[in-house]
Every structure is written in C-alpha cells, then in structure tokens.
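Encoded as structure tokens, the structure appears first; notes follow it.
The values are calculated or read from the model by the stated rules, or taken from the named source; none is laboratory data. Keep in mind that what you see is a predicted model, and the values were worked out from it rather than measured. With ideal geometry, Cβ positions are generated from the backbone for all residues, glycine too; neighbour counts draw on all protein chains shown. Just the protein is used for accessible areas: all its heavy atoms, side chains included, with ligands, DNA and RNA removed. Shrake-Rupley method; radii C 1.70, N 1.55, O 1.52, S 1.80 Å.
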Amino acid sequence: MPYAAPYFAYVLIATVAERFVPMEVNYLLRIVIVSATLLSARQWFFSFKGPKSPVVSTLVGILAGVAGLILWIALLTPFVSIADGKPWSQSAFVLRLLAAGVLVPVFEEVLMRGFVFRVALQWDEARKSKATDALSIAMDERSVNDVQPGAWSWVAVIVSTLVFTLGHTTPEWPASIAYGLLMAGLYVWRKDLLSCIVAHGVTNIGLSIYVYQTGNWQLW
C-alpha cells in the first residue's frame, strides 16, 4: 500500500476533481495531497540510493532523461495530431510542470521500478523454484525491501514495463514501452532508484519546456 497509495491518489484526484474544479485547483490538490501521502509513506520505502556513487547516478540519470525525452517525442508524434491539444493557461502550465517534473517521477518510479519490478522478480524466483503458489509467496511472504540492488530478470523487466505502459493513454503506448525498458535498464545498471527518478524528472521537465516553446501541446 505505501508504494501504490501516492500513485492512485494522484490518478483519483486527476479523474474526479477535474469535473468540479478548475485545472489549476486540480493540480494544486494533486501536489499537496500526493506530497503528503509520499511523506507519510516514506518510512516503508527502501533507500533510493544504491551501492554506487549517487553523484554519478544523478549525472547518468540526466543523460538518460535527455535520451528518454528524444525517444518519447519521436515515438509519440506519429500517433497524435495538433488538433489533440490546446494551450494551457500560464498558471496551469506552471503547476503541471511542478507536478510532472518533481512529483510524478518520484511516485511513478517508487511504484513501477521500486515495487512492481521487485514483486515480479520475487514471483519469477518463486516460480522457478517450483513453488505451488508463487504469486502468493511473492506478495505475502516476501518484502520488496529485501531484494538486492540491481537484481533482475526478464520477467521483472517485462511486467514492470507493461504495467507502466497501461498507466498511459493508447497513443502513448509505443513511447511508454520504450521508456519503461529504458528505466528498467537504468535501474538494473545503476542499482538504484535515484537515477530513474532523476531521469524521469529530466524527461518530464524537458517535455514541458519543449511543448511550451514549440506549441506542440498534443504531446503533453
């Protein structure tokens, strides 16, 4: 629950509040409530840092974020049209930029690479050991906090990428698959969530700036 609650709180506010309040208020609610949820849940999280240098992970994350931005734009552009988007107000843009650049990278990486990836790995390990109820063992008898940094399997990569993809709209699926694979690879290589969070933040902020400067609001 601690790993999933911030994500679902964000989605719930996004889908319900938009019917009743202006977009600026909607994003302000997301920022305040989800930030509070993350702070209250942080005691159950494993460390975002791994065995490698956090400075290097930050720098690698920045480079991966730029690569992810290019991937996202290239793979999303063919599936959307200019008619799909319209300019946001200045205040709504700033609030969405804050949410997308600072908040979303944390709770999405905590859930996708921090929880889903690790649970899928533990399920795969239990399945390979011929356990009769591998999923129950992974969910009820194991803790994602016990997974060694950098441990992985193809099942974990694929499952976490698919779940990440399902959290996006259909036109975003090709870009989401590529980005999910990029983040999984970064997590395995750097053995930490820090690099993934930094990369995700750089991509989201970069996309926001790109959209604002070019007027390609359909990409956002």
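See the values below:
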| read-out | value |
| --- | --- |
| Estimated dipole of the chain in Debye, rounded to 20 [Cβ of Lys and Arg +1, of Asp and Glu -1, Cα centre] | 300 debye |
| Segments 84-95, 23-34 sorted - mean Cβ within 10 Å per residue, highest first | 23-34, 84-95 |
| The stretch 69-122 - convex hull of alpha carbons, volume per residue in Å³ | 114 Å³ |
| Farthest positive-ward along the stretch 75-186 dipole, Cα basis, beta-carbon charges - from SER160, GLY150, THR170 | THR170 |
| Accessible area of the chain divided out per residue, in Å², using a probe of 1.4 angstrom | 50 Å² |
| Inter-site label distance for GLN213 and ALA151 at 7 Å from Cα along Cβ, in nm | 4.3 nm |
| Summed side-chain charge close to ASP192 - residues other than ASP192 whose Cβ falls under 12 Å, Lys, Arg +1, Asp, Glu -1 | +4 |
| Charge-dipole axis of the chain as Lys and Arg at +1 and Asp and Glu at -1 on Cβ define it, positive-most pick from THR77, TRP220, ALA184 | ALA184 |
| FRET E, pair VAL16, MET139, Förster distance 35 Å, beta-carbon r, rounded to 0.05 | 0.80 |
| Kirkwood Rh (inverse of mean 1/r, distinct Cα pairs), the stretch 45-161, angstrom | 17.2 Å |
| Cα-centred dipole magnitude for the stretch 1-123, charges only on beta-carbon of K, R (+1) and D, E (-1), debye, nearest 20 | 300 debye |
| Dipole of the chain, positive end: most advanced residue of HIS200, ALA64, VAL102 [Cβ charges, Cα centre] | ALA64 |
| Summed side-chain charge close to SER89 - residues other than SER89 whose Cβ falls under 11 Å, Lys, Arg +1, Asp, Glu -1 | +1 |
| Computed over the chain, the ratio Rg/Rh where both radii use C-alpha atoms and Rh is Kirkwood | 0.98 |
| Carbon and sulfur %, accessible surface of the stretch 143-220 computed with the full protein complex present, 1.4 Å | 68 percent |
| Size of electric dipole in the stretch 103-220: Cβ of Lys, Arg +1 and of Asp, Glu -1, about Cα centre, debye, nearest 20 | 240 debye |
| Lysines with Cα under 26 Å of LYS49, excluding same-chain neighbours fewer than 8 positions away | LYS191 |
| Most fluctuating residue given options ILE209, ILE177, ILE197, as computed from a GNM of the chain linking Cα atoms under 10 Å | ILE209 |
